[in-house]
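A.B. asks: Pasting in a structure now, in structure tokens, and then I'll have a few things to ask.
The values are calculated or read from the model by the stated rules, or taken from the named source; none is laboratory data. From a predicted model like this one, the values you see are computed outputs, not experimental measurements. In this analysis, Cβ positions are derived from the backbone assuming ideal geometry, glycine residues included, and neighbour counts consider all displayed protein chains.
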Amino acid sequence: MFGQFRPKDLSLNKIMYEIMVEKQNNISSILPTYARMDAKFIRGEGCKLYDDNDQQYHDFGSGIAVNCLGHCHPALVKALTDQAGKLWHTSNIFHIDGQATLADKLCDITFADSMFFTNSGAEAVECAIKMARRYHDANGNPEKFRVISFEGSFHGRTLATIAAGGSEKLTKGFGPVMDGFDVIRFYRDMSKVEDHITNETAAILIEPIQGEGGIRPVSRENLQKLRQIADKHDILLIFDEIQCGVGRTGKMFAHEHAGVTPDIMPIAKGIGGGFPLGACLAVEKVAKHMTLGTHGSTYGGNPLAMAMGIAVIETIENEDILANVQKMSDKLSLDLMKLRKKYPDVIDMVRGLGLMMGIKLHIEPPEFVRTAFKNKLLLVGAGENTVRILPPLNITAEDIDRAIELMDMTCQDILKNKSLD
Ligand SMILES: *Cc1c(COP(=O)(O)O)cnc(C)c1O
């Protein structure tokens with residue numbers, strides 16, 4: 001470490017040297033991979049967050065569609081603290097309390113017959129890709145390993161999932177990009193996907209609504225077409241519902257709107273309500289090949305995560321959350337439409353489903369997000385010049401009214417700044 005610099009008085013000079021190095025490199029002890037906004041939140045309640053100066057913010061990003069029941073929902077606090085007083089971790093070499101309860105529950109309410117628990121979304125997508133490859137291998141077709149995915153999609157930040165996302169933003173500098181992904185256009189007519197299928201294709205991987213890509217929904221008809229194509233060619237259909245699942249669109253899972261089901265479905269984000277939890281759900285014909293020793297996770301499915309997953313599903317059911325999503329979605333989209341009419345130079349388009357809404361802008365999303373932040377409203381940027389509006393699923397009409405007021409102020413501020421330029 002000292003190289004050419006060899007101080008005589010080591011103790012003092014070492015300190016000086018380290019300060020020097022610190023200054024020269026200007027590197028913080030946390031990797032500078034995020035452009036963080038200037039706030040540190042200390043506590044939260046429902047859709048409200050409070051910073052270290054006790055300033056109140058309206059959180060309409062929900063930690064990127066994670067805190068689906070708002071911050072510190074009493075039922076979730078109770079589930080977590082009760083479990084924390086009992087048991088945290090034992091490892092998957094034992095039976096884990098809650099795993100069967102949550103898995104049975106998720107099987108009951110979905111197409112799935114079986115699942116694997118993870119700690120994050122990317123891990124759930126990784127599991128989905130492994131399941132697809134394994135399925136074809138077990139059926140005597142090891143040459144079928146390629147996955148078709150779509151431009152603008154986001155599936156995580158691991159080596160496989162950045163290859164599936166495919167954009168340079170994700171892959172640049174991390175080459176060689178992992179083989180096995182054909183990233184194709186996000187077609188208006190998904191019957192065109194059939195042209196890309198080869199005898200090496202294992203699966204089609206798609207988000208029913210692109211989240212990071214800018215709230216781009218795949219139409220019902222298109223999801224149905226993908227199902228037909230997959231069936232015709234005996235390839236697997238994977239719906240990444242990590243962002244759009246768990247009630248976000250007004251149904252428990254977004255694909256229910258289309259009346260078709262996938263073979264494999266990674267979920268995460270909302271299912272933990274703020275606790276790291278993911279799962280990869282699958283139908284029997286796929287799941288049965290993930291035999292003893294084929295996959296694993298140290299933390300996946302730990303007792304704390306299971307307690308949270310169960311509490312999230314139960315609360316969504318007990319509090320009739322899906323009905324609230326539909327009702328509040330009608331209100332929010334109408335209010336956003338009005339805002340668009342009032343500020344046509346700022347807002348181009350309103351789109352989305354349920355409480356997964358986006359406004360496409362005539363300005364750069366970061367400018368809108370930063371101006372909203374100054375007005376103490378938290379939103380999330382996305383691709384395609386879109387800002388995401390992802391309130392908790394138990395949001396009230398009053399809180400939507402307030403958020404719309406704050407967005408109105410944000411539009412005014414933006415126009416004011418523009419006229420000053
Ligand atoms: C967030 C997200 C992921 C990745 O989840 P992580 O928990 O960040 O690994 C994957 N797919 C979609 C659609 C997502 O929104």
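A.B. asks: Mind counting the residues in the range 377-390 that are touching a helix residue (DSSP H, G or I) at 6+ places or on another chain (Cβ under 7 Å), surrounded by fewer than 23 Cβ atoms within 10 Å (Cβ to Cβ) and touching a residue at least 40 places away in the same chain (Cβ under 8 Å)?
C.D. replies: 2
A.B. asks: Does PRO266 meet the test of being surrounded by 24 or more Cβ atoms within 10 Å (Cβ to Cβ), on the phi < 0 side of the Ramachandran plot and touching a helix residue (DSSP H, G or I) at 6+ places or on another chain (Cβ under 8 Å)?
C.D. replies: Yes, satisfied.
A.B. asks: Considering only residues of the range 71-108 that are among the aliphatic types (A, V, I, L, M) and assigned to a loop (DSSP other than H, G, I, E, B), which is surrounded by the most Cβ atoms within 10 Å (Cβ to Cβ)?
C.D. replies: Top of the filtered list is ILE96.
A.B. asks: Pull out all pairs, ordered by first then second residue, where Cβ-Cβ is under 6 Å, the residues are six or more apart or on different chains, the first lies in the range 118-134 and is closer than 13 Å to LYS288 by Cα and in the same structural domain as SER91 (by TED's automatic domain parsing), and the second is at pLDDT below 95 and assigned to a helix (DSSP H, G or I).
C.D. replies: Here the result reads none, with nothing in the range 118-134 linked to a residue that is at pLDDT below 95 and assigned to a helix (DSSP H, G or I).
A.B. asks: Take the conditions free of Cβ contacts under 8 Å to residues at least 12 places away in the same chain, within 16 Å of the ligand (Cβ to nearest atom) and either assigned by TED's automatic domain parsing to the domain that holds ALA279 or of a type outside the set (Phe, Trp, Tyr) (or both) and apply them to LYS192. Does it pass?
C.D. replies: In short, no.
A.B. asks: Quickly run through the range 341-386 and pick out the residues that are under 21 Å from GLY211 (Cβ atoms) and assigned to a helix (DSSP H, G or I).
C.D. replies: Correct list: PRO365, PRO366, GLU367, PHE368, VAL369, ARG370, ALA372, PHE373.
A.B. asks: Mind listing whichever residues of the range 293-314 are touching a residue at least 12 places away in the same chain (Cβ under 8 Å) and either over 18 Å from GLY245 (Cα atoms) or not assigned by TED's automatic domain parsing to the domain that holds LYS251 (or both)?
C.D. replies: Scanning the range 293-314 gives THR294, HIS295, GLY296, SER297, THR298, TYR299, GLY300, GLY301, ASN302, PRO303, LEU304, ALA307.
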